[in-house]
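Enquirer: To start, I am sharing the structure in question, which I have written as structure tokens.
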Amino acid sequence: MAQKHHTAHHGKKHEPDKEWEPKIVGFLCNWCSYAGADLCGVSRFQYPTNIRLVRVMCSTRVSPHLVLDVFEAGADGILIGGCHLNDCHYMTGNFHTEKRVELMKRLLKEAGIDEGRLRLEWVSASEGEKFSKVVTEFTEGIQKLGPSKVRSDDMMKAKVSAADDASQTFRLKALVGKEFNLLSKGNAYGEEVDAEKLTGVIDVATQDEFERALILELARIRPMSVKQLGMVMDVPTDKILRHIVLLRQNSKIAMEHPEGFTPVYKTIAIGGEQ
Amino acid sequence: MAATDKVGAVMVVGGGISGLQSALDLADSGFKVYLVEKQPSIGGTMAQLDKTFPTNDCAMCIMAPKLVSTGRHHNISLVTNADIMSVDGQAGDFTVTVKQRALRVDPAKCTGCGSCAQTCPIETSDEYNENTKVRKAIYVRYPQAVPLVYSIDKDKCIGCGICAEECKAKAVVYDQEESTSEIKVGSIILSPGFDEFDARMKGEYGYGVYKNVVTSIEFERMLSATGPYFGTVLRPSDGDIPEKIAFIQCVGSRDEQVGNEYCSGVCCMYSIKEAIIAKEHGGDIKPKVFFMDMRAFGKEFDEYYNRAQNEYGIEFVRSRVASVFEDPETKNLVVKYVEKGEPKEEEFGLVVLAVGLKPPQDAEALSKVMGFDLNTDGFCRTTVFDPVSSSKQGVFVSGAFSSPKDIPMTVAEASGAAAKAATEIASARDSLVTMKEYPEELDITGQEPRIGVFVCHCGINIGGVVNVPSVAEYARTLPNVAYAEENLYTCSQDTQEKIKEMIKEHELNRVVVASCTPRTHEPLFQNTIKEAGLNSYLFEMANIRDQCSWIHMHEAPAATKKAKDLVRMAVAKARLLEPLENLTIDVNQQALVIGGGATGMIAALEMAKQGVKVHLVEKEKELGGNLRKLHYLPSGEDPTEHADALAKEVMSNDNITVHTGTGVKNIDGYVGNFKTALDSGEEIEHGVVILAVGGQEYKPEGEYLYGENPNVLTLLEFKEKLKKDEAKGDSYVFIQCVGSREEGHPNCSRVCCTGTMTAAIKVKEKNPEAKVYVLYRDIRTYGFREAYYKDAAEKGVTFIRFEDDVKPKVEDKGGKLQVTVTDEDTDKEVVLTSDYLVLASGTRPYPESEALAPMLKVPMTKEGFFLEAHMKLRPVDFATEGVYLAGLSHGPKFLDESIGQGLAAVARAMTVLSKKTLEAEGIVASLDETLCDGCGICVPTCEYKALEIIVDKKDETKKLVDVNVGLCKGCGACVGACPSGALTQKGFKDEQIVAMIDAALEGLLGKQEVKQ
């Protein structure tokens, strides 16, 4: 369905690419990278005009869903700047940022957005030149990647929206929120945590939550069967069914009893099914 | 009790339905019980089942009351998440070392609210749902789990710490360590259950490779409303409803290839059940069952099988499936099989493998630790005459651990094992049980109601939705509410203390708790107020969690309003509550056993050994019953010798009075107080009755030349001749199902197939050259009896199957018998000449049963067998208390099964006989004599026979109904029936119910003031 829609757009609306200028948003931490960007100006290092900067107190304030919101709105690239590791004004903020950006990248991958559209850089207050290089390089990279398809492709829009929803689930927030401390300070049993195992756990959780969010996204528009969802999402149908089992359990989706042998499901907003 | 060197406690190993039954029987008859369970919660396999055959009862619905009773029984200690490490000592005085793996949750603090599992970020596959769903790393096995204590799966937990942060009760203890304890017990009962056969070992069926090939237990979860698909059957591959489902029987049973030659005994029935339920869930589904022999051998099982075919249109194909292949495109499955010699293929949407039962994984370890023997198949070894004892003295066994079996047989054995375990330590009865002491009850007569209301947050379960402070605030404004408060957990130990303090401080005389469901928590709070001196019936609950916050999670204001309404209703009822009395009835501690066959003798002996005076009544001159008619047992023992030995033991036991050659003339009375008159003129007073009246072999009428030709004999007649060496010949034909599984007698007689094997093997042993033919419909040698079938076949016995509706023909051809039969496999007519024709004729009840039933007010099946209280979970009880049944008068069964039931009846009877008085229910019917005119309309509505029309003692011209509170269970059926309003139900009076409704409707009924 999304495909069809997409082709229709091509015929009518799509303007030639040459007029396109990348829209880039940058989030900079107050203490290092924002200061670095200021120094860049003081030093008159030039960089392309595309980027719009947003100041935050610490890079760790940039929640995954903020980034995903921006992509959902159609931005072509996002740059996050923070202090170098161990230099954070708030001690360990940027370590958390690092973990969150990993999650964002995982989710972007799920949504089909090139990871190159998101960049995390450590820029200190004294690295004005580095800031200009980073922005220039990043902008050129985005130009090569071309415009984001989120606004023209319904399926991609649904996917980014799903990634946004997934990023806000308690499960992913909890895992990613705890990740740095677990790795640096050990777990509740006082044991050292195996980084690879933890990454594995988060990978699985990210994929699960994304797929579940996408199912809800798609089945919100119209009732869909497991097979339809499998085809549209390119996920094996047995896995889709397993997600639906859980979503029904949590009263997120309801079965509409079929005429024939293929049940369809519709996302529900409130309450449970009978 | 006299001094004894025995320990008055029993350890039950395994907390499935078997362990629950043993534990409850023992704890109710004066013994302390330690119930040890591997899993963090009890319930076993039955807790996983959707429905049960042949009644299609919901498994959890019938099991939950037993789970709850076990969980809160003051004489049962649950030792969960535990393994047996070692056993020292001997029968009567064992010391068992038990290791309890760390739950990592403090059971004393955990309230089971579940907030931890909601937030745990780790998902893993849910074993309870056979991996068709996910659970969290902190979890309970199933929602109704007992004990309702969460535990951490350390293998899956990453130690993120979120559950501990979430737990308001501070119950999570990450560093909790395993603990080892030594427990002293006098007897041990093993009920560890079974494991399912691993279907991967049958590679040809593609389990584990093809997504749409599932096992029967997985399918059970798929059918369940609490399972992954909410009860709609879906294909795991793509979520479609399968149009056609194939059930493949005997996967891992009756299969030399995989090393399991025995029959698992339950799969035929559970597959029929699953096919029926699948069909009920979706009318368009077409189930087809591929089987070898349909083993529907239990009580009314064949009728169930017939209904599956005739009413539900389920197809049955007699064939062992060769292999299953998947269409990679559609994921449909092609089933390849041979029917009547022709190879066939058929495509299905889903394949269900009926996996067999095998011994539990730890069987061998257990046998080594405890020192009992396993049989060659790895199950616990038992004997025919002692079916619930292991080879180690003082160690007993029940359920599937001794042989694959269904739930009713398991429950009967569980009670039977309890009886044996109790006998071992009978001298120590009541030595370790505790009686709770309560303060004297406060007299509240004439007091204005002063109600205390306690509103629970249940962590965030209620508080996260309902505005609990505002509910408590509202409660304070209600009339007669003297005190109200909110609690984080009203059920926690410290809150119980608080409730008691508040009762004293505010002179409360009624208590209302607004929290979860009375079904699980009412007894806890009732106990609390009783400890504070209030009558336990001065309590009412408002269910603001299960029926409010949990179902209106997204509608906080509306949920809060509803919670207030529910509290207002509870307070309205509480205002009218009255103290109720649990009356006690005296118990005559003697027993009456009717029937002196193997079952009756063993039951009498077992009770006598526990010190009970028993009257044993036998209509014949001699004790022994059918045991004297068997002559051979398949296992080799001599039944006649056993009959003599048992009779001698009974006759010489001082506690048993034997009344032979007399029937029962009349029985009067009720539990604890029966009076029986015998035909001989003797009168007996007793507290319980065990019916073991037996059954008889059907004598064919006008069939197969029986009665016309002297060489046409019934199976028992033939065995007698064989024993006397009077049945010599060269050829023998056996015909099965004579008088069974036909018009008028639709059910299977269960024992005839195996009896035939025994006789056929004996014939072959005596004369290996003899030609022996068995003409049959299905061979039903279930369980380990399959070995006799195999033995017979190996000895050269020929088996010919005939169609159900085309019976063989028998003619007398000049001295020789000629039998003509159409062989179903080849469709060809086979003509056999034989010296003897043996008719395996069915089991019928004695006519005496019919005379006894009305005396004891117990029901019967249409075939004339006694009908137990519940086919699944109360196999030897009647709804009428104090009356029990066992053996052939319950239905056809083998000797070991009859003995098991006889022992079971003893355990059930001892729950009454071990007490001097019985406590009746508090919530019972009560009568206003001035209104009753003795019309008797209420009498037939009482399932428990508690009502009787009597002559009014004050006015002999008037009739009255008499309510026997000893028998009344407090359902209220009679109250609803009473036309004059004379009957009412204590605790649920009209005005109490009306007050609640009125409060709900905010005074619309106009009966009461409601303050908003």
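Enquirer: List the residue pairs whose Cβ atoms are under 6 Å apart, where the first residue sits in the stretch B:212-234 and is on the phi < 0 side of the Ramachandran plot, the second is small (Gly, Ala, Ser), and the two are 6 or more positions apart or on different chains.
Expert: Between residues of the stretch B:212-234 that are on the phi < 0 side of the Ramachandran plot and residues that are small (Gly, Ala, Ser), the close pairs are B:ASN212/B:SER237; B:VAL213/B:GLY206; B:THR215/B:ALA199; B:SER216/B:ALA354; B:ARG221/B:GLY227; B:ALA225/B:GLY231; B:VAL233/B:ALA278.
Enquirer: Could you please find all residues in the stretch B:367-391 being within 25 Å of the chain's Cα centre (by Cα) and either crowded, with 21+ Cβ neighbours inside 10 Å or more than 23 Å from B:MET409 (Cα to Cα) (or both)?
Expert: Once the filter is applied, which keeps residues that are within 25 Å of the chain's Cα centre (by Cα) and either crowded, with 21+ Cβ neighbours inside 10 Å or more than 23 Å from B:MET409 (Cα to Cα) (or both), the stretch B:367-391 yields B:PHE379, B:CYS380, B:THR382, B:PRO387, B:VAL388, B:SER389, B:SER390.
Enquirer: Go through the stretch A:138-195 residue by residue and tally those that are among the aliphatic types (A, V, I, L, M), more than 9 Å from chain B (Cβ to nearest Cβ) and out of contact with any Leu (no Cβ under 8 Å at 6 or more places or on another chain).
Expert: The total comes to 5.
Enquirer: Checking the structure you have, find out if any residue of the stretch B:115-135 is surrounded by fewer than 18 Cβ atoms within 10 Å (Cβ to Cβ), of a type in the set (D, E, K, R) and within 29 Å of the chain's Cα centre (by Cα).
Expert: There is at least one residue in the stretch B:115-135 that is surrounded by fewer than 18 Cβ atoms within 10 Å (Cβ to Cβ), of a type in the set (D, E, K, R) and within 29 Å of the chain's Cα centre (by Cα).
Enquirer: What do you reckon, is B:ASP327 in contact with a Leu (Cβ under 8 Å, 6 or more places away or on another chain) and surrounded by fewer than 22 Cβ atoms within 10 Å (Cβ to Cβ)?
Expert: When the stated conditions are applied, B:ASP327 passes them.
Enquirer: Next up: Which residue is nearest to the other protein chains (Cβ to nearest Cβ), if the candidates are limited to the stretch A:249-274 and must be more than 20 Å from B:ILE285 (Cβ to Cβ) and of a type in the set (D, E, K, R)?
Expert: If we take residues in the stretch A:249-274 being more than 20 Å from B:ILE285 (Cβ to Cβ) and of a type in the set (D, E, K, R), then A:GLU273 is nearest to the other protein chains (Cβ to nearest Cβ).
Enquirer: Does A:THR237 satisfy the criteria of being touching a residue at least 12 places away in the same chain (Cβ under 8 Å), within 10 Å of chain B (Cβ to nearest Cβ) and not acidic (Asp, Glu)?
Expert: no
Yes or no, residue by residue, for (1) in contact with a Ser or Thr (Cβ under 6 Å, 6 or more places away or on another chain); (2) within 30 Å of A:HIS96 (Cα to Cα):
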position	(1), (2)
A:LEU175	no, yes
A:PHE180	no, yes
A:GLU196	no, yes
A:GLN207	no, yes
A:ARG220	yes, no
A:ILE240	no, no
A:VAL245	no, no
A:THR262	yes, no
A:ALA269	no, no
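Enquirer: Give B:GLY239, B:GLY313 a once-over and let me know the one that is within 14 Å of chain A (Cβ to nearest Cβ), without any contact (Cβ under 8 Å) to a residue 40 or more places away in the chain, assigned to a loop (DSSP other than H, G, I, E, B) and not acidic (Asp, Glu). Spell out how you get there, then give the answer.
Expert: Numbers: B:GLY313 fails: within 14 Å of chain A (Cβ to nearest Cβ).
Answer to the selection: B:GLY239.
Enquirer: Here's something else I'd like to know. When you scan the stretch B:616-725 for strands (runs of 3 or more DSSP E) that lie fully inside it, which ones turn up with 2 or more residues that are out of contact with any Gly (no Cβ under 6 Å at 6 or more places or on another chain) and basic (Lys, Arg)?
Expert: Of the strands (runs of 3 or more DSSP E) lying wholly inside the stretch B:616-725, none has at least 2 residues that are out of contact with any Gly (no Cβ under 6 Å at 6 or more places or on another chain) and basic (Lys, Arg).
Enquirer: Considering every residue within the stretch B:575-582, establish whether at least one is more than 14 Å from chain A (Cβ to nearest Cβ) and under 14 Å from B:VAL455 (Cα atoms).
Expert: Checked against the condition, which is being more than 14 Å from chain A (Cβ to nearest Cβ) and under 14 Å from B:VAL455 (Cα atoms), the stretch B:575-582 yields no hits at all.
Enquirer: Go through the residues of the stretch B:94-116 one by one and say whether even a single one is at the interface with another protein chain (Cβ under 10 Å from one of its Cβ atoms) and either at positive phi or modelled with pLDDT under 95 (or both).
Expert: yes
Enquirer: Are any of the residues in the stretch B:157-176 at the interface with another protein chain (Cβ under 10 Å from one of its Cβ atoms), buried (at least 24 other Cβ atoms within 10 Å of the Cβ) and part of a helix (DSSP H, G or I)?
Expert: The answer is yes; a qualifying residue exists.
Enquirer: Hey, can you tell me all the residues within the stretch B:626-667 that are small (Gly, Ala, Ser) and closer than 25 Å to B:TYR788 by Cα?
Expert: B:SER635, B:GLY636, B:ALA643
Enquirer: Any residue at all in the stretch B:255-272 that is surrounded by 22 or more Cβ atoms within 10 Å (Cβ to Cβ), of a type in the set (Gly, Ala, Ser) and at positive phi?
Expert: yes
Enquirer: Please give the strands (runs of 3 or more DSSP E) falling wholly within the stretch B:445-547 in which 1 or more residues are basic (Lys, Arg) and on the phi < 0 side of the Ramachandran plot.
Expert: Because the criterion is at least 1 residues that are basic (Lys, Arg) and on the phi < 0 side of the Ramachandran plot, the strands (runs of 3 or more DSSP E) in the stretch B:445-547 that meet it are B:510-515.
Enquirer: Next up: Looking only at the stretch B:607-626, count every residue that is within 22 Å of B:THR640 (Cβ to Cβ) and buried (at least 24 other Cβ atoms within 10 Å of the Cβ) and tell me the total.
Expert: 4
Enquirer: Across the stretch A:196-234, what is the total count of residues that are within 12 Å of another protein chain (Cβ to nearest Cβ), in contact (Cβ under 8 Å) with a residue 40 or more places away in the chain and among the small types (Gly, Ala, Ser)?
Expert: Within the stretch A:196-234, residues that are within 12 Å of another protein chain (Cβ to nearest Cβ), in contact (Cβ under 8 Å) with a residue 40 or more places away in the chain and among the small types (Gly, Ala, Ser) number 1.
Enquirer: All but one of (1) loosely packed, with under 15 Cβ neighbours inside 10 Å; (2) more than 20 Å from A:LEU183 (Cα to Cα) hold for A:ASN86; state the number of the condition that does not hold.
Expert: Going through the list (1) loosely packed, with under 15 Cβ neighbours inside 10 Å; (2) more than 20 Å from A:LEU183 (Cα to Cα), A:ASN86 breaks only (2).
The values are calculated or read from the model by the stated rules, or taken from the named source; none is laboratory data. Just so it is clear, the model here is predicted, and its values are computed rather than measured. Cβ coordinates were reconstructed from backbone atoms using ideal geometry, including for glycine residues, and neighbour counts include every protein chain displayed.
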